[in-house]
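We did not get these values from a lab; they are worked out from the coordinates using the rules stated. On a predicted model such as this, the values are computed, not experimentally measured, just so you know. Every residue, glycine as well, gets a Cβ built from its backbone with ideal geometry; the counts of neighbours run over all protein chains shown.
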Amino acid sequence: MKAIAILGAGLISLAGCQNANKDCCTIDTDSSAPVSMGLPEMESTLGALAKALEDERKSEAMYMAVMKVHGERRPFSMIVNAERKHQQALIAQYNRLGADVPPPTDFSFDIPDTFEGACEMAVQAEVDNAALYDEIESAVRDPQILQTFSRLRAATENCHLPAFKRAAGG
């Protein structure tokens, strides 16, 4: 295992991942819908958005760390860009709410010595990501944010997870 630290992963590129000639990461970032919610609902919504954004940033940082160890190989090289696009979709919701976007966090990972091991680690990260969206959606009532969560979960389950499973040999 190689320990890699990624400091404050940022938004650089917004290219989507491709799977069977379809763009798995088409996420609507329209922020024009008006928002009306009370303080408790706003706090709950912002908490859910913060967890989602943190997890998307963590995925990007992990995939960047894998590429530092194993080179820029698919599916990491494609999905890292999708993770950035996912972050942009969540940031659009912060902007729509008129809320401050939390600053990026520093992450550190123990990267497996084999590429297959790194893919297995990514499979678990994507499984955890889908579970996170299942967990946090109950804290949100805003239909646009729920739609964003649903699309991000679908990209994870239908694109990212199968790609990493194939790369891991499974």
Residues of type aspartates and glutamates that LYS85 reaches as a straight line, Cα spacing below 15 Å, ignoring anything fewer than 8 places off in the same chain: ASP23, ASP28, ASP30, GLU54, ASP55, GLU56, GLU60
Can you give me the convex hull volume of the Cα atoms of segment 51-169, divided per residue and expressed in Å³? 90 Å³
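Mind pulling up the Rg/Rh value for segment 86-156? Radius of gyration and Kirkwood radius, both on Cα.
1.05
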Long-range amide H partners of PHE109 with built H, under 5 Å: ILE4, ALA5, ILE6
By average Cβ neighbour count within 10 Å, what is the ranking of 76-89, 57-70 from highest down? 76-89, 57-70
